[in-house]
1. Quick one: in the stretch 297-311, of everything that is in a strand (DSSP E or B) and more than 21 Å from the chain's Cα centre (by Cα), which residue is surrounded by the most Cβ atoms within 10 Å (Cβ to Cβ)?
2. For the stretch 141-158, name all the residues that are out of contact with any Phe, Trp or Tyr (no Cβ under 6 Å at 6 or more places or on another chain), open to solvent by less than 50 Å² (accessible area, probe 1.4 Å), in contact (Cβ under 8 Å) with a residue 24 or more places away in the chain and not polar (S, T, N, Q).
3. Here are some conditions: (1) at pLDDT below 90; (2) under 19 Å from ILE484 (Cα atoms); (3) over 25 Å from the mean Cα position of the chain (by Cα). LYS615 meets all but one. Which one does it not meet?
4. Of the residues SER426, SER352, which is among the polar types (S, T, N, Q) and under 30 Å from HIS233 (Cβ atoms)?
5. Give all pairs with beta carbons closer than 7 Å in which a residue from the stretch 579-593 that is in contact (Cβ under 8 Å) with a residue 60 or more places away in the chain and more than 15 Å from LEU419 (Cα to Cα) meets a residue that is among the aliphatic types (A, V, I, L, M) and not in a helix (DSSP H, G or I); count only pairs at least 6 apart in sequence or on separate chains.
6. Go through the stretch 87-136 and count every residue that is farther than 21 Å from PHE297 by Cα, assigned to a loop (DSSP other than H, G, I, E, B) and of a type in the set (Gly, Ala, Ser).
7. Tell me which residues, restricted to the stretch 58-89, are at pLDDT 70 or above and either basic (Lys, Arg) or within 42 Å of the chain's Cα centre (by Cα) (or both).
Amino acid sequence: MNKSNILGIVLIFLLIGLYSWWNYKPLTEEEKLAQEQRRDSIMRVQLRADSIRLVQAMQQELLELNNQEKLADLPDEKVEERNKLLTDKFGAFANSALGEEEFYTVETEKLKLTFTNLGGKLYSVQLKEFQTYDSLPLILFEGKSNHFGISFFSNNRLIETEKLFFTASENNTEIIVTDESGYHFDFKVYPLINDSVDKSKYIEYSYYIPYNDYMIDVSLNMVGMGNTVSSHHGLVDLLWSVDMRQQEKSKENRLNGTNIYYKFTGDKDVNNITENKDGNKKLPVKTQWVSFKQQFFTSSLIAKNGDAFMSGEVTSEVNKIKSDNIPRYNKTMKADMVIPYSGEASESFDMSMYFGPNKFKELKKYDIQLEDQINLGNFFLVRWINRYGVLTVFNFLEQFNWNYGLIILILTLMLKLILFPITYKSYMNGAKMRAIKPELDVLNAKYPSQDDAMKKQQETMAVYKKFGINPMSGCLPQLLQFPILIAMFRFFPVSFELRQQSFLWATDLSSYDSILDLPFNIPFYGNHVSLFTLLMTVSTIIYTRINNKTMGQTNQPGVKFMLYLMPIMFLGIFNSYPAALSYYYLLTNLITFAQMYIIGKVVSQEKLRDKMLLKAAATKANPKKGKSKWQQKLEEMQKMQQAQARENAKRKK
């Protein structure tokens, strides 16, 4: 290593050091306090988790004896033994450990909710306005596939409210909500204080169900629990888990699958577990909401009224054992959230639960970024095109109650009209390339050998310069169209509006349009034939062939093979994608054919060549005036190449 290398390394490290020093900002007192609070929160959560694991290990040997169902079956003569076992396990809540499960149905315009007194929780949720792909009632969850409740320490016992029988505030087991003021429904569990029930002390789940909304309110109220519920760590755990049911024809959509989303309090971004994979994520800071998102429907748990979950952990997994036992099983979603608790005389934690469609306008009205679960594109430009352009036009056209196939056609025509100047420029560039084809053919014949590639390139650039052609101008129009192509690729798979909307032979534009179900599975293709995808592939191959001719594309075998291979790959990729996406790309190709045909009729190839020859003659007569920036760059490149060629020749000698 010479002195220059050493000096270079020293300078690099010096620059890195200066850059770090320049960008260093000392923490403010508020930021230091926030960091300390975060560390304390994480430490408290960890201590609590360690305590829970310790108690669970101690109780493992007593699980068989303390099984609630077995205790309920003990004969009357063993009532004392039963009471002792209940007290050992549930302590002050032993009186609520046994009971008979009762169900209460609350029905609104949009929801049919079933509650159970066992745990005072939601037992099932049905969305009344929608059906599954096979015309069954759309039930988000039902029965024991849903878990919801808090866990806490009481006299060194780990108590889970989901195992306790609550007292309902309503005797009527079937309630129809018709009043616009909504409906309040409460469940309370009372502890034993000195061997007697004190109804001034309780844990309560209070529900408010609005008349016409997908969002319900849930309040966790703990009154007089200071001596019963331990506040040692200042926390209680809220566990919510759901075995998600398959609602759509495609069990797992690669662009819009079942996943967990969450948003930290004060954060601008919405996060999620890796799409379409099992995963686990620690949430070490305050969290505003957690969502169990499916392709077109979402179940969300939201902290409200300034409250926040102190921290948490979310898990998404596919359990093969459950898939065999639970009909229509898709995935299991879990959220273990931490709620603050200080043991005051009366404490409340306010939440909301959203059960509804992943419709952008519907989610946006709550103003907590629930709509960001809808993946309109990861790249900001694609996301903006979809959010402020495509979605706005799409929602506007919906108002006319047209068939969605017609809406997509009009949307495509509008986009192609906007892009027409780019299409025209691209076509004209190809026409100019065809106009100078005789000159390029002469060069190809003059320099057939690869050894003369440098001379051939120099003379080719001279031809471009002569006729005032920028060979790179054909790339720019394609680059400008690319974000829109990607935007539509993201838009159609997440568009709730297309769900179960039929068009021509497609019964559901949000899913694949199978015209033939195969008795076997073809790798990288599937077990069905989607006609829109097939038509799109054929049209793309035709477009590629026409484009090669009209745009003066290369005749190199490797390049031509790749151009024709891509449509075949799309046939496999798009076969299981929404029919609307393939239909859009098919329309794009057909409209492009029409545009190219019309432009070809208007633009005369002979007149264009004559015009280019006149321009070339004028440029030759007045070279300074005729030079463009691109031509100047071509000249610079030629000079550099010539200099490099001379240098190489000297080295060979």
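The values are calculated or read from the model by the stated rules, or taken from the named source; none is laboratory data. As the structure is a computational prediction, the values presented were derived from the model and not from experiment. Cβ: placed from backbone, ideal geometry, glycine included. Neighbour counts: every protein chain shown. To get the accessible areas, we keep the full protein, side chains included, count just its heavy atoms, and leave off ligands, DNA and RNA. Shrake-Rupley method; radii C 1.70, N 1.55, O 1.52, S 1.80 Å.
1. Restricting to residues being in a strand (DSSP E or B) and more than 21 Å from the chain's Cα centre (by Cα), the top hit is PHE309.
2. Residues satisfying the conditions are PHE141, GLY149, ILE150, PHE152, PHE153, LEU158.
3. It is condition (2) that LYS615 fails.
4. SER352
5. Matching pairs, first to second residue: ALA579/ALA506; ALA579/LEU509; ALA580/LEU509.
6. Count: 4.
7. Answer for the stretch 58-89, where residues must be at pLDDT 70 or above and either basic (Lys, Arg) or within 42 Å of the chain's Cα centre (by Cα) (or both): LYS84, LYS89.
Every residue, every condition in (1) surrounded by 15 or more Cβ atoms within 10 Å (Cβ to Cβ); (2) modelled with pLDDT of 85 or more; (3) of a type in the set (A, V, I, L, M, F, W, C); (4) touching an Asp or Glu at 6+ places or on another chain (Cβ under 8 Å), yes or no:
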position	(1), (2), (3), (4)
LYS549	no, no, no, no
GLN556	no, no, no, no
TYR584	yes, yes, no, no
ALA594	no, yes, yes, no
ASP610	no, no, no, no
